[in-house]
Amino acid sequence: MTIGPRVKLLQTAAKQKGLTGLFFVCGFFVLCVSGVIIRNRDTLIIVLYSALAMACLSILLILKRLRTSASNHQAMIDATRTEAESARSEAEDARTKAEVARTEAEDAHKTQDKFLANMSHEIRTPMNGIQGMTKLLMETTLTPQQKEFTAIINRSVDNLLVIINDILDFSRIKAGKITIEKIDFRLQDVIGNVQSLFDHRTRKKGLRFDLDIDPRIPEWLQGDPRRLNQVLINLISNAVKFTEKGSVNLIVRQEAPRPGPEQRNTKEVELSFTVTDTGAGIPAERLPHIFDSFSQAGLDFSRKYGGTGLGLAICRQLLDMQGGSIDVASTVGSGTSFTFRLSFECRTIANSPQQVAHSVKDFAGLLTDRKVLVVEDNQVNQKLMDYVLRRVGAAITLANNGVEAIEKLKVNSYDLIIMDLQMPRMDGYETTKYLRTQLQLRTPVMAMTANAMSGEQIRCLEAGMNDYMTKPFDFREFYTRVAGLLHRSGVALTQTQPVEKESSMYNLSLLEEVGDDEYMQDILNTFLTSLPGQLTHLQDASLKKDYDNLFFHAHKLKGSCGMLQASPLIDKLSLIQKLAREKSDASGAVEEVAELFEELLQQLKKEITI
């Protein structure tokens with residue numbers, strides 16, 4: 001091989017920029033050595049130097065490429081590290097923001113609870129004084145005009161309390177603070193309470209208020225009667241409010257269990273409650289939103305009838321919490337029908353005592369010679385508690401705050417302490433803890449507070465109090481709770497405390513809640529005069545085996561007996577309704593009803609004073 005071609009081959013190798021070029025040069029160098037060493041030594045040296053030069057050049061190019069690659073990789077590593085640091089920083093910022101948001105949410109929740117508690121206290125405290133003093137005033141001798149004025153005040157207070165309770169209930173539901181109870185109760189007692197509450201209102205508006213209760217429904221159920229009562233009152237109150245003529249009806253039916261994937265409890269019964277009216281009706285476009293918060297049937301309805309627009313939203317939420325449902329159907333100008341369904345557990349309670357609410361008059365002398373310390377900073381409530389307790393014989397001592405109460409407790413003993421919770425200097429919680437831990441006193445303490453928020457009762461019991469009542473309070477409930485508290489604490493009460501009169505077939509406490517003696521007397525007179533004719537109709541229907549009329553007249557009589565809480569008669573009339581549905585002979589039950597009515601008439605005649 002000549003020099004020329006070898007040089008060209010060397011130039012080709014020089015153009016390579018990698019290890020291939022280096023290896024090619026080395027191979028060429030070997031070739032040169034083997035082909036030229038014999039011919040020309042100078043040429044061999046030249047080729048050797050050239051090959052070495054090309055090899056060095058190739059190595060330099062490789063090193064440069066490696067440095068460039070390393071630099072690029074380092075840049076990528078640095079970029080990745082920067083991104084990772086940025087991601088870590090963002091994650092840390094996100095965690096910090098989430099923690100701040102959580103803290104702010106907790107603070108907002110606490111602020112809301114505190115605001116609701118303060119609002120409850122600030123509104124209920126004067127309301128307690130207004131309502132309590134109004135009720136006391138209604139028990140005095142008044143002129144017809146004064147009775148009218150005080151009745152208006154009393155109704156206004158009740159209406160305002162409904163609004164306050166709606167707002168607080170709505171807030172508690174939103175905060176998850178509402179609890180659903182499971183206690184034994186009689187549906188008849190709940191319906192009787194509802195009937196007594198609305199009978200006077202419907203009669204005053206010239207409306208019929210009809211009840212139709214399925215006789216198959218078990219007497220005793222387990223559930224939350226207070227929430228059931230709340231939903232019924234809300235729906236019926238709306239029906240009465242929006243109905244100017246015609247009727248309002250409550251229909252309760254036992255329904256067949258709805259099919260579902262779960263095995264239903266065989267002891268459960270599902271009831272449907274339907275409230276219908278012949279009122280103004282709800283426009284079709286408003287029906288999809290009628291259960292929304294702050295929603296009403298329309299602006300003109302709001303202006304005419306008022307209200308918060310929370311009642312139906314609360315009803316739906318309470319029913320949802322109990323696994324129930326509610327539906328509405330309405331036609332403008334014809335009326336509205338609300339139907340809700342709830343499941344209850346059937347209960348069998350043998351020989352259960354009647355839960356009778358006593359008249360305030362039955363508690364006369366309850367606390368004779370008993371010393372009661374009232375710890376209350378509001379002067380109006382001081383006067384109210386003073387009068388309410390003195391009227392049943394108690395000796396009262398007043399303390400304006402916890403500090404004064406402790407000073408009095410150090411030198412005097414008391415049979416009962418009525419404790420307000422929010423007071424200056426020392427509140428009710430601190431005071432109770434002090435007298436339990438420092439003074440070692442076991443005197444029964446009843447909390448009286450305007451704070452109706454959930455959890456307040458637990459807090460009171462944890463502080464060492466024995467019972468808890470919310471202002472405004474019902475006098476009869478207060479006396480009953482006081483009697484029970486003192487009895488549990490071993491304090492002997494006078495024999496004038498309320499005892500159940502076994503021979504009494506009725507109870508007038510529901511009528512007395514209206515606060516109008518003339519109205520109660522009017523109801524009793526109407527009952528006494530209409531009863532013989534209604535009983536005759538019942539007997540005729542039984543003789544003729546006219547089961548439709550038999551059911552109708554038994555239902556009508558049962559409604560009248562419900563206001564009087566005449567349980568023996570109500571039970572017998574329910575039996576007659578059941579027999580009428582089955583088209584069975586009811587003559588024996590009708591004879592028993594006639595005998596019971598005669599006994600009831602003789603007892604009621606003693607109640608007539610005008």
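Go through the residues of the range 348-362 one by one and say whether even a single one is out of contact with any helix residue (DSSP H, G or I) (no Cβ under 9 Å at 6 or more places or on another chain), at pLDDT 80 or above and either of a type outside the set (Asp, Glu) or surrounded by fewer than 19 Cβ atoms within 10 Å (Cβ to Cβ) (or both).
Within the range 348-362 (the criterion being out of contact with any helix residue (DSSP H, G or I) (no Cβ under 9 Å at 6 or more places or on another chain), at pLDDT 80 or above and either of a type outside the set (Asp, Glu) or surrounded by fewer than 19 Cβ atoms within 10 Å (Cβ to Cβ) (or both)), the answer is no, since none of the residues qualifies.
Just the residues that are at pLDDT below 90 and not charged (D, E, K, R), please, taken from the range 255-278.
Selection gives Ala256, Pro257, Pro259, Gly260, Pro261, Gln263, Asn265, Thr266.
Under 7 Å between Cβ atoms, which residue pairs at least 6 apart in sequence (or on different chains) link something in the range 328-356 that is within 23 Å of Ala239 (Cβ to Cβ) and among the aromatic types (Phe, Trp, Tyr) with a partner that is part of a loop (DSSP other than H, G, I, E, B) and at pLDDT 90 or above?
Phe340/Gly324
Quick one: Asp210 ticks every box in (1) in a helix (DSSP H, G or I); (2) in contact (Cβ under 8 Å) with a residue 60 or more places away in the chain; (3) farther than 27 Å from Glu181 by Cβ bar one, so which box is it?
So Asp210 meets the others, but not (1).
Suppose we filter Val157, Val194, Val190 for residues that are closer than 28 Å to Lys241 by Cα, modelled with pLDDT under 80 and of a type outside the set (Gly, Ala, Ser); which single one remains?
None of the others qualify; the one that does is Val157.
Out of the residues in the range 572-591 that are without any contact (Cβ under 8 Å) to a residue 60 or more places away in the chain and surrounded by fewer than 16 Cβ atoms within 10 Å (Cβ to Cβ), which is farthest from Gln539 (Cα to Cα)?
Taking the candidates together, the pick is Glu582.
Filtering the range 474-492 down to residues that are modelled with pLDDT under 75 and of a type outside the set (Lys, Arg), which residue is nearest to the chain's Cα centre (by Cα)?
Here the answer is Ser489.
Of all the residues that make up the range 105-148, how many are modelled with pLDDT of 75 or more, assigned to a helix (DSSP H, G or I) and exposed (fewer than 14 other Cβ atoms within 10 Å of the Cβ)?
The number of residues fulfilling the criteria is 4.
State yes or no: is Arg203 crowded, with 19+ Cβ neighbours inside 10 Å and among the basic types (Lys, Arg)?
No, not satisfied.
Which numbered condition in (1) modelled with pLDDT under 90; (2) in a loop (DSSP other than H, G, I, E, B) is the only one that Thr243 fails?
(1)
Out of all the residues in the range 306-326, is one or more modelled with pLDDT of 85 or more, of a type outside the set (Ser, Thr, Tyr) and assigned to a strand (DSSP E or B)?
Yes.
Could you please tell me which pairs satisfy a Cβ distance under 8 Å, a separation of 6+ or placement on different chains, a first residue in the range 136-148 that is more than 20 Å from Phe475 (Cα to Cα), and a second residue that is among the hydroxyl-bearing types (Ser, Thr, Tyr) and surrounded by 14 or more Cβ atoms within 10 Å (Cβ to Cβ)?
Note: pairs meeting the criteria are Leu142/Thr150.
Filter the range 575-610 for residues that are among the β-branched types (Val, Ile, Thr) and out of contact with any Ser or Thr (no Cβ under 9 Å at 6 or more places or on another chain); which is modelled with the lowest pLDDT?
Going through the qualifying residues, I end up with Ile610.
Which numbered condition in (1) modelled with pLDDT under 80; (2) within 18 Å of Asp212 (Cβ to Cβ) is the only one that Leu550 fails?
(1)
Exactly one of these conditions fails for Tyr387: (1) closer than 14 Å to Met448 by Cα; (2) in contact with a helix residue (DSSP H, G or I) (Cβ under 8 Å, 6 or more places away or on another chain); (3) in contact (Cβ under 8 Å) with a residue 60 or more places away in the chain. Give me its number.
(1)
Take the residues in the range 279-305 that are among the aliphatic types (A, V, I, L, M) and touching a helix residue (DSSP H, G or I) at 6+ places or on another chain (Cβ under 7 Å); name whichever of them is modelled with the highest pLDDT.
Ile290
With respect to Arg172, is the statement that it is over 22 Å from the mean Cα position of the chain (by Cα), at pLDDT below 80 and buried (at least 17 other Cβ atoms within 10 Å of the Cβ) true?
Criteria not met by Arg172.
The values are calculated or read from the model by the stated rules, or taken from the named source; none is laboratory data. Everything numeric here is computed off the predicted structure, so don't read it as measured data. Neighbour counts run over all protein chains shown; Cβ positions are idealised from the backbone, glycine included.
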